[in-house]
Ligand SMILES: NC(=O)c1ccc[n+]([C@@H]2O[C@H](COP(=O)([O-])OP(=O)(O)OC[C@H]3O[C@@H](n4cnc5c(N)ncnc54)[C@H](O)[C@@H]3O)[C@@H](O)[C@H]2O)c1
Ligand SMILES: [Fe+2]
């Protein structure tokens, strides 16, 4: 269904930019990392790294994972394979440019040749930032943020995700926050895409139900936002988005109810991987553009921000998103007669899942005085780059933020 654009000039400019980007994208190397899959497969990684001739790696992880000993089996396998490693774990969730600088110094000091990223999106993104910085030691992280600003061969990255959400193991993005301004933005460049992704479901069985739920919904957001960005997606990205949505539909609640269900865990890892590969060309949309500002300003965990914002953005798109949402509803066999009804069922499903997993419908952390900044950052991130179903201006961003900040119904 075609709707009258609310911002005709801005829409015309964004759509023209996106038409050029679509052509440009065909010349970019959006490869898919090789993957190792299955329970316990992380132990096979060091042999594969050694086989490439690499002798010394920086193992980037986070302090909590080190504390619970999750990288232990990988470290043991590295010792057995004769692969030297230095651990860097001085990073926070929503990692910052300062974390990247510290990791880069250690990478140089220890003369590392490659990086093994072990953890959720935070360590993986920090690892990608370190690789980018190592290729451009005289540039700041802020100078590398944007589209194709690294554009140089970087140290190889092997990624071992321990959450099933961000898909960072297969994306061109590293999302990093400026510590001084709290502005969260991405380095987007195919050169920082990991070479290899290790999807070992045993690593995710210890995730709390809350992190399982929020990171799983992050994967769903990637698939849905990429699918709605029809302009950039080729048939591969559309297909991967559909597969990811179905995998989330069948497995997220199962993994949330029983964290030890290895099949559901493995399927959620696949969902995150497919969704990540889909949005790496398809891009994300306003859910992410607004969510990133909340992560940067208030430290809201990324998956939580995504899960809160997703249904509100989908509702606000209205008829502009109905056709594609109806297709996703069909993928999940949700029934319904018209596109409008199917789209409503799809949105209602996301809300129902959130209710079952005890996730909030709103966020109370947004301060009135920050709203103009939130709108500026979200608008600058999304427009003109993301080919979202409908181009928003200040009023629509404000309407969304008002909806997010409304008190939850009793
Ligand atoms: N690069 C991309 O394409 C991309 C896409 C989406 C999000 N992101 C970014 O990724 C970051 C979020 O990553 P995330 O959601 O994976 O969370 P995270 O990496 O910040 O981890 C969240 C928490 O879960 C813990 N944790 C991770 N794995 C665990 C396990 N197996 N068992 C127990 N605890 C575990 C961590 O220690 C941490 O405390 C954000 O900065 C977000 O912006 C990046
Ligand atoms: Fe995300």
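The values are calculated or read from the model by the stated rules, or taken from the named source; none is laboratory data. Because the structure is predicted, anything quoted here is derived from the model rather than measured. With ideal geometry, Cβ positions are generated from the backbone for all residues, glycine too; neighbour counts draw on all protein chains shown.
When segment 90-122 is limited to residues that are part of a helix (DSSP H, G or I) and within 24 Å of residue 53 (Cα to Cα), the one that is farthest from ligand 2 (Cβ to nearest atom) turns out to be 109.
Taking the options 259, 276, name whichever one is within 9 Å of ligand 1 (Cβ to nearest atom) and either under 18 Å from residue 201 (Cβ atoms) or without any contact (Cβ under 8 Å) to a residue 12 or more places away in the chain (or both).
Going through 259, 276 in turn, just one is within 9 Å of ligand 1 (Cβ to nearest atom) and either under 18 Å from residue 201 (Cβ atoms) or without any contact (Cβ under 8 Å) to a residue 12 or more places away in the chain (or both): 276.
Taking the listed residues 291, 295, 299, 318, the one that is within 16 Å of ligand 2 (Cβ to nearest atom) and on the phi > 0 side of the Ramachandran plot is 299, with no other qualifying. Of all residues in segment 218-235, those satisfying the criterion of being in contact with a helix residue (DSSP H, G or I) (Cβ under 8 Å, 6 or more places away or on another chain) and surrounded by fewer than 24 Cβ atoms within 10 Å (Cβ to Cβ) are 230, 231, 232, 233, 234. So, residue 315, is that one assigned to a helix (DSSP H, G or I), without any contact (Cβ under 8 Å) to a residue 40 or more places away in the chain and either within 30 Å of residue 366 (Cα to Cα) or within 12 Å of ligand 1 (Cβ to nearest atom) (or both) or not? In short, yes. Quick check, is residue 100 surrounded by 14 or more Cβ atoms within 10 Å (Cβ to Cβ) and either within 16 Å of ligand 1 (Cβ to nearest atom) or within 30 Å of residue 182 (Cα to Cα) (or both)? It is true that residue 100 is surrounded by 14 or more Cβ atoms within 10 Å (Cβ to Cβ) and either within 16 Å of ligand 1 (Cβ to nearest atom) or within 30 Å of residue 182 (Cα to Cα) (or both).
Which residue, of 326, 339, 380, is over 26 Å from residue 175 (Cα atoms) and without any contact (Cβ under 8 Å) to a residue 60 or more places away in the chain? That would be 326, the only listed residue that is over 26 Å from residue 175 (Cα atoms) and without any contact (Cβ under 8 Å) to a residue 60 or more places away in the chain. When each of 264, 305, 272, 321 is tested for being modelled with pLDDT of 95 or more and closer than 12 Å to residue 223 by Cβ, the lone residue that passes is 272.
Scan segment 202-212 for residues that are within 11 Å of ligand 1 (Cβ to nearest atom) and assigned to a helix (DSSP H, G or I) and jot them down.
Selection gives 202, 203, 204, 210, 211, 212.
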